[in-house]
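Below is one structure, written out as structure tokens, with a few remarks after it.
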Amino acid sequence: MYGEPTADGWRAWDPGRSKLGGMFELGFQTGLSGGETVLYLGAASGTTVSHVADFAGPTYAVEFAPRPARDLVEAAEPRDRLFPLLKDARTPTRYAHVVESDVDAIVQDVATRGQAEVAVRNARFLADDGRLLLAIKARSEDVTAAPEAVFESALDRLREAYEILETRRLDRFHEDHLGVVATPK
Amino acid sequence: MTDTDDSAGWFAGGTSASAEAAGDESALRARIADGEADAPRDWPHLAVESGFADSRADYYDRLHEASVAATREAVRERERADDKQLVHAVRAMDDCERTANELAERAAEWAGSLFDEAEPGIEGARAVAEREPDGELERRAVSLSARVADLAAERDALAETIDRIAPAVAPNLAEMAGPELAARLIALAGGLESLAKKPSGTVQVLGAEDALFAHLSGRAPSPKHGIIYTHEYVRNTRPEDRGSASRALAGKLTLAARVDHYSGERRETLHAELRERMATIRARAEEGKDDDRSGGDADAEGDV
């Protein structure tokens with residue numbers, strides 16, 4: 001779909017191009033094994049979400065910028081359980097009429113300020129035992145501050161709605177990113 | 001068939017697959033694009049219950065079809081709102097305004113010779129356009145006034161359009177400069193890309209080309225500001241600090257244009273930095289002479 005190697009209907013998933021791919025490679029307990037309902041925030045051009053939709057169940061892909069969303073639509077067209085939405089992840093009411101409640105997982109990879117805030121606002125979609133799989137990009141919050149300080153304040157905000165299960169730096173694949181797995185409080 | 005219920009899904013008002021009509025599909029796409037709900041619900045279940053879909057699988061099939069179509073349409077629409085369109089809109093707005101004012105003068109002069117109470121300007125033309133004409137000459141004068149009123153209305157409609165599309169074309173620039181000034185800067189530079197490639201010193205004097213060339217040929221001092229003079233940060237700063245204010249504003253506007261062109265994402269730090277810088281510049285007025293009252297409320301934040 002984006003020039004990745006394929007064989008016998010399998011597609012190589014490059015952990016260096018995908019934050020979620022990196023989280024899998026580092027052994028995060030993502031709770032994803034196949035067939036789950038997924039809400040994907042920050043789908044961009046659909047690179048990662050196309051992999052997700054290939055093994056998960058119904059997958060809602062939210063992206064705000066029109067240019068990448070054009071590619072997302074192309075990725076979604078042949079995948080009949082992938083639903084592309086041109087929406088701002090900061091205002092969930094604009095897509096709550098489409099995305100169903102109690103999804104099994106929220107995957108979030110948005111590169112705006114207030115990444116923790118976005119996760120908190122979207123907690124309403126997640127089932128009680130669902131998982132939030134979040135990649136926090138330190139540079140999107142504050143380019144000047146130390147990444148550790150940025151991660152700490154983001155985690156503090158997250159704890160208001162979530163219980164944090166696991167955190168680990170993704171530096172092997174993505175510099176200054178923190179991978180987070182959490183579940184609703 | 002507009003459904004404003006806050007707890008309804010995108011398929012509310014849609015008919016079952018078997019009774020599907022062409023108009024129905026476009027209404028569903030519009031619901032996906034523009035609808036809202038306070039909270040998510042078990043939409044697949046509700047859709048089957050309400051008879052919109054025969055089964056969960058059928059529901060997902062219809063959602064796939066509608067969401068792909070709706071998003072493709074929304075993307076196309078957002079991409080069509082490009083900088084060239086914005087340039088056309090702002091130039092057309094200026095032409096409408098200039099022509100309306102010019103014609104209004106002529107119409108007022110004419111109407112003044114025919115009717116007793118003819119006011120000058122666009123408002124006067126609107127009043128004359130309402131009159132019941134008597135005879136051929138009056139009919140022509142009233143008709144001319146009606147054109148003026150129409151042109152003025154077109155100008156207002158163009159301004160509204162600019163307010164709406166400028167934030168889509170250049171979110172940071174439009175937020176910092178306001179939609180109209182953002183559109184003018186883009187028009188003066190000849191596009192968002194060329195604006196993004198201009199140095200901040202050029203952006204500062206965009207629209208002041210006459211003064212700039214007078215300066216370059218040694219006849220005048222260098223201009224402090226061009227079209228950005230219309231910005232509140234420049235206009236409402238006391239004259240001796242306007243040079244600093246327009247330099248600071250132009251610097252951030254240039255960065256905003258670059259972010260808009262190369263990334264397209266909103267960048268809050270940019271706006272915060274400009275607010276801070278302006279507070280510092282305006283605080284000077286307080287420190288210096290106390291008789292200067294141009295400071296305004298920004299000064300309150302200035303003494304941190």
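The values are calculated or read from the model by the stated rules, or taken from the named source; none is laboratory data. Predicted model, so just to flag it, every value in this text is computed and none were measured. Here the Cβ positions follow ideal geometry from the backbone for every residue, glycine too, while neighbour counts run over all protein chains shown. Ligands, DNA and RNA are stripped out before the accessible areas are found, and what is left, the full protein with its side chains, is counted by its heavy atoms. Shrake-Rupley method; radii C 1.70, N 1.55, O 1.52, S 1.80 Å.
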Residue that is most open to solvent (accessible area, probe 1.4 Å) [pool: residues in region B:25-71 that are out of contact with any helix residue (DSSP H, G or I) (no Cβ under 9 Å at 6 or more places or on another chain) and at the interface with chain A (Cβ under 7 Å from one of its Cβ atoms)] = B:41
Quick count over region B:72-112, residues being open to solvent by less than 10 Å² (accessible area, probe 1.4 Å), touching a residue at least 24 places away in the same chain (Cβ under 8 Å) and under 27 Å from residue B:32 (Cβ atoms), is 1
Given the conditions (1) open to solvent by 40 Å² or more (accessible area, probe 1.4 Å); (2) closer than 29 Å to residue B:79 by Cβ; (3) free of Cβ contacts under 8 Å to residues at least 24 places away in the same chain, report the number of the one that residue A:97 does not fulfil.
-> (1)
Matching residues in region B:179-190 (in contact (Cβ under 8 Å) with a residue 40 or more places away in the chain and open to solvent by 20 Å² or more (accessible area, probe 1.4 Å)) number 3
Out of all the residues in region A:68-88, which are open to solvent by 10 Å² or more (accessible area, probe 1.4 Å) and either facing chain B (nearest Cβ under 7 Å) or in a loop (DSSP other than H, G, I, E, B) (or both)?
-> A:70, A:77, A:78, A:79, A:80, A:81, A:86, A:87, A:88
Selection within region A:160-185 - among the charged types (D, E, K, R) and touching a residue at least 24 places away in the same chain (Cβ under 8 Å) | A:160, A:166, A:168, A:172, A:176, A:185
Subset of region B:132-154 [open to solvent by 80 Å² or more (accessible area, probe 1.4 Å) and outside any helix (DSSP H, G or I)] | B:132, B:134
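Residue-by-condition table, conditions (1) under 21 Å from residue A:24 (Cβ atoms); (2) more than 10 Å from chain B (Cβ to nearest Cβ); (3) of a type outside the set (Phe, Trp, Tyr); (4) open to solvent by 20 Å² or more (accessible area, probe 1.4 Å):
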{"position": "A:107", "(1), (2), (3), (4)": "yes, yes, yes, no"}
{"position": "A:114", "(1), (2), (3), (4)": "no, no, yes, yes"}
{"position": "A:134", "(1), (2), (3), (4)": "yes, yes, yes, no"}
{"position": "A:145", "(1), (2), (3), (4)": "no, yes, yes, yes"}
Search result, residues across region A:95-143 that are in a strand (DSSP E or B) and more than 23 Å from residue B:45 (Cβ to Cβ) | A:107, A:108, A:132, A:133, A:134, A:135, A:136, A:137
Does region B:215-230 include one or more residues that are over 30 Å from residue A:63 (Cβ atoms), of a type in the set (A, V, I, L, M, F, W, C), open to solvent by 20 Å² or more (accessible area, probe 1.4 Å) and in contact with a Pro (Cβ under 6 Å, 6 or more places away or on another chain)?
-> no
